[in-house]
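Read-outs throughout are calculated quantities, based only on the coordinates presented, and are distinct from any laboratory measurement. Quick caveat: nothing in here was measured; it's all calculated off a predicted structure. Here Cβ is always computed from backbone atoms with ideal geometry, including for glycine, and neighbour counts include all displayed protein chains.
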Amino acid sequence: MTPTVRLMTTVWALGDYPSVAGEVIPALGPVLVEACGAGPGMRVLDVAAGSGNAAIPAAFTGAEVTASDVTPELLDAGAKEAARRGVRVRWEEGDAQALQPPPLWGDPAHVTDLLGAGVTEIDARRQTLRVNAFATPESFRDFFKARYGPTVATYRRIAGNPERVAALDRDLAGLARSHDLGGGAMDWEYLLLTATAR
Ligand SMILES: C[S@@+](CC[C@H](N)C(=O)[O-])C[C@H]1O[C@@H](n2cnc3c(N)ncnc32)[C@H](O)[C@@H]1O
């Protein structure tokens with residue numbers, strides 16, 4: 001395991017990512033599964049599957065699903081959830097670092113460049129997810145501070161500097177406040193990108 005991959009797994013195992021997926025963004029997995037048209041007779045590979053937010057709904061369509069991720073703790077959580085719900089998924093530890101940084105997968109030009117002639121019908125849509133999980137900006141901040149690995153890691157890194165902690169506290173609550181549509185509802189934007197293999 002390279003130092004970068006070790007760092008990734010350490011960060012994503014912090015907090016409680018399965019609760020982020022299950023309580024905040026559970027609707028995203030089924031959106032992706034439907035966009036891919038997963039169903040019986042199909043083989044699905046979910047890369048960076050985490051605890052199975054998309055892989056588990058994909059398996060419920062009757063597809064043969066492999067969920068891969070670099071963080072064993074999340075694969076374990078996903079395997080337990082799939083077993084609890086009575087659905088079959090193959091869980092494989094795997095590093096997808098060679099696919100390049102995740103934020104670039106939000107750039108259609110980058111994805112087109114990466115997948116090249118191997119695919120056709122690349123379709124990129126900006127969509128929003130209505131999030132109702134947080135009653136106040138402060139509850140959004142406290143949830144991410146305690147449960148979302150990258151945020152937990154950031155707070156750990158600045159723990160010795162109270163001013164930076166206070167600034168991050170302020171900024172995270174401010175981020176939620178700036179997106180508050182009223183009553184704590186927020187719309188989070190994401191890019192849904194699909195392509196068809198040639
Ligand atoms: C925001 S979570 C998304 C998980 C899941 N797709 C979902 O919708 O809930 C990001 C995931 O990427 C995984 N990840 C980060 N770097 C990775 C890498 N180099 N290879 C494979 N998975 C990676 C993390 O372990 C984590 O599960």
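Report the one residue of A58, A135, I122 whose Cα lies farthest in the direction of the positive end of the charge dipole of the chain (charges on C-beta: Lys and Arg +1, Asp and Glu -1; origin at the Cα centre).
A135
Considering Cα pairs under 8 angstrom that are at least six residues apart, work out the relative contact order of the chain and quote it in whole percent.
24 percent
For the chain, what is the percent of antiparallel DSSP beta bridges, rounded to the nearest 5?
55 percent
Residue by residue, what Karplus-based ³J(HN,Hα) values in Hz, rounded to whole numbers, does the stretch 23-30 have, using 6.51, -1.76 and 1.60 with θ = phi - 60° and x for Gly and Pro?
Result, rounded to whole Hz: 9, 10, 10, x, 6, 5, x, x.
Whole Å is fine, so just give me how far the alpha carbon centre of the stretch 124-186 lies from that of the stretch 44-114.
25 Å
According to the square roots a ≥ b ≥ c of the eigenvalues of the Cα gyration tensor, what is the shape class of the chain, taking rounded for a/c under 1.5, prolate for a/b larger than b/c otherwise, and oblate for the remainder?
Note, shape of the chain comes out prolate.
Under a 5 Å amide H to amide H cut-off, with H placed in plane at 1.01 Å, what residues pair with V65 once short-range neighbours are removed?
Under 5 Å from the amide H of V65 lie the amide H atoms of V44, R90, each far enough along the sequence or on another chain.
Classify the stretch 136-182 from the C-alpha gyration tensor, please: rounded if a/c falls under 1.5, else prolate or oblate depending on whether a/b exceeds b/c.
Oblate is the answer for the stretch 136-182, as a/c is 1.5 or above yet b/c matches or exceeds a/b.
Return the calculated 222 nm mean residue ellipticity for the chain, to the nearest 500 deg cm²/dmol, obtained by summing -39500 (n - 2.57) across DSSP H runs with n ≥ 4 and dividing by the residue count.
-14000 deg cm²/dmol
Mind listing the phi-derived Karplus ³J(HN,Hα) values for the stretch 79-96, rounded to whole Hz, using 6.51, -1.76 and 1.60 with θ = phi - 60°, and x for any glycine or proline?
4, 5, 5, 5, 5, 4, 8, x, 10, 9, 9, 8, 10, 10, 6, x, 9, 9
Please report the net charge: other residues with Cβ closer than 12 Å to the Cβ of T196, K and R +1, D and E -1.
Here the count lands on -1.
Classify the stretch 1-112 as rounded, prolate or oblate, taking a ≥ b ≥ c as the square roots of the eigenvalues of its Cα gyration tensor: rounded when a/c is under 1.5, otherwise prolate if a/b is larger than b/c and oblate if not.
Here the stretch 1-112 falls in the oblate category.
What's the exposure ranking of S51, S178, going from fewest to most Cβ atoms within 10 Å?
S178, S51
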